[in-house]
Amino acid sequence: MNNYKELTIYRASTVQPHQRSFQSFSLAGKGLPGESFAYLSPDLFLVASSFYYVREVRIMGRSSTTVDVAVIGAGPYGLSLAAHLRARGVEHRIFGEPMGPWKHNMPRGMLLKSYPWATCLSDPEAEFTVKSFCTERALPYHDWLTPLTLERFIEYAEAFRMRYVPTVESKALTMLEAAGDGLRASFEDGETVNARRVVVAVGLQPFKHLPQDIADLPAELCSHSSAYGSLEPLDGKDVTVVGSGSSATDLAALLRERGISVSLVARAQQLRFANRPRNRSTFSRLVAPLSGIGPGWTLTACAKYPELVRLLSEEQRLRLANPKALGPLGGAFVKDRVIGKVPTWLGTSLQGIGIRNGSVVLDLVNAGGARQSRQTDHVIFATGYKTDLSRLSFLNQTLLRQIRLVEGAPQLSSHYETSVPGLHFIGPAAANSFGPVCRFVYGTYHPARALAQYLSSILVTSRPALQVRPFDRTVSP
């Protein structure tokens, strides 16, 4: 690589860095310690018969590098894939703020709707689960009777990153375009990376869906539910939440408990919530087995066999990608915090929206056709997400036109590859090809394992045999 780096590396007596304590030091303007050293892989050095692991990489100045795999996005899917690539020795780099949308675009105090046992990232040995994380730290845990808080899940994901993906580069992609036999990624700091393969794992945040007629209204009056990590900007306001799913009910409960005046408007005649977890009889488990994404045989099959979902017809895949059983549906532990406590306008459709004297005026129509008007300080639209690759500002337009789409989402091969060779998508953007499991953290296991295995087979074996070579002692200008 022809760029300068400042490295912090760790020494251990084993090649499993997460299983040993480390001795760390910085290499700013220094050579590696010891007289003999060799660069073995992107994150592993052999120095005087000891192994050293790169913990932090900070790029200094403009540079251009080449890498086998670039992973764009450091959420559950990106981190899981990177963990498997690293275990297989596939040269890669992963970009993005670790768990960024989870930290900044979800309200503190939120409870995850999925069971804790089904909310684990995928590591190569399938050993570092939420349960093992909580057990190590003597934290309360139950597979299904106790909900998992957003804060606890972020703590777990950070511990996962520390163990398995220590070299995340927290910077934003600004342009992705074709370049020769691969792809060229340009970043906000001026670095350009040429990659043989690019895996996009950006999650849901770029695809937030808003009604067309409110998209141009000022953000201080109208917003999407994904705009809130902190609810402080809404203090002292009268807020109306539009929607009936988990985002809507979660926000309504949290706003009310914060002392904010809040109402909920929904087209649904009644709010639906997941059933409270309970011990189930053998018969009920046979009739409707519980999967990592919901109950029933259909969801169980979708959760376990996403590779088979891809073989179905396009019509069947699209129907499975958004099954009615998954929503709109509030979380089981939120129902008692909303029903009878948050004023609701159910069976009510939004016909128009306007601004009057600095407030929002909602034109509403109920199921009987009667019109109503509601004035409020701020409206939050919990109207979900819709995959649309044209919303990814970093995609070069020429590249975008070459991607075969199915209702805005990429049509993917069995290796999560688009019609553009070398460009892959995992996570929610893959749901139209691999089914609803891609919308859940539970779905990380399949692309992490299957794609890492595939990339390992075509990249590692196609590269020349490893040449142990000296590492450039000059690591800073």
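The values are calculated or read from the model by the stated rules, or taken from the named source; none is laboratory data. Remember, it's a predicted structure, so these values are computed and weren't measured experimentally. All Cβ positions, even for glycine, are placed from backbone atoms using ideal geometry, and neighbour counts span all protein chains on display. Accessible surface areas use protein heavy atoms only, side chains included; no ligands, DNA or RNA. Shrake-Rupley method; radii C 1.70, N 1.55, O 1.52, S 1.80 Å.
Would the stretch 365-374 turn up any residue that is part of a strand (DSSP E or B), touching a residue at least 40 places away in the same chain (Cβ under 8 Å), open to solvent by less than 60 Å² (accessible area, probe 1.4 Å) and hydrophobic (A, V, I, L, M, F, W, C)? Checked the stretch 365-374: no residue is part of a strand (DSSP E or B), touching a residue at least 40 places away in the same chain (Cβ under 8 Å), open to solvent by less than 60 Å² (accessible area, probe 1.4 Å) and hydrophobic (A, V, I, L, M, F, W, C).
Of all residues in the stretch 417-461, those that are β-branched (Val, Ile, Thr) and without any contact (Cβ under 8 Å) to a residue 40 or more places away in the chain total 3.
Within the stretch 170-214, being part of a helix (DSSP H, G or I), acidic (Asp, Glu) and either closer than 13 Å to Leu395 by Cα or modelled with pLDDT of 95 or more (or both) holds for no residue.
On the stretch given as the stretch 228-239, residues that are assigned to a helix (DSSP H, G or I) and among the aromatic types (Phe, Trp, Tyr) total 0.
Can you tell me which residue among Leu311, Leu320, Leu329, Leu362 is open to solvent by 40 Å² or more (accessible area, probe 1.4 Å) and among the aliphatic types (A, V, I, L, M)? So that I can check it myself, show each step before the final result.
On the way: Leu320 fails: open to solvent by 40 Å² or more (accessible area, probe 1.4 Å); Leu329 fails: open to solvent by 40 Å² or more (accessible area, probe 1.4 Å); Leu362 fails: open to solvent by 40 Å² or more (accessible area, probe 1.4 Å).
Of the residues listed, the single one that is open to solvent by 40 Å² or more (accessible area, probe 1.4 Å) and among the aliphatic types (A, V, I, L, M) is Leu311.
In the set Val130, Val67, only one residue is more than 30 Å from Arg256 (Cα to Cα) and open to solvent by less than 10 Å² (accessible area, probe 1.4 Å); that residue is Val67. Checking Gln269 against (1) surrounded by 22 or more Cβ atoms within 10 Å (Cβ to Cβ); (2) modelled with pLDDT of 90 or more; (3) out of contact with any Asp or Glu (no Cβ under 9 Å at 6 or more places or on another chain); (4) under 17 Å from Pro328 (Cβ atoms), which test does it fail? Failing condition for Gln269: (1). Across the stretch 253-269, the number of residues qualifying as under 17 Å from Pro107 (Cβ atoms), of a type in the set (A, V, I, L, M) and within 28 Å of the chain's Cα centre (by Cα) comes to 4. Looking at the stretch 403-416, can you tell me whether even one residue there is in contact with a strand residue (DSSP E or B) (Cβ under 8 Å, 6 or more places away or on another chain), surrounded by fewer than 19 Cβ atoms within 10 Å (Cβ to Cβ) and in contact (Cβ under 8 Å) with a residue 60 or more places away in the chain? No: zero hits. Residues in the stretch 93-111 that are within 21 Å of Val202 (Cα to Cα) and touching a Phe, Trp or Tyr at 6+ places or on another chain (Cβ under 6 Å): Pro107 alone. Only residues that are hydrophobic (A, V, I, L, M, F, W, C) and open to solvent by 60 Å² or more (accessible area, probe 1.4 Å) were counted in the stretch 280-308, giving 6.
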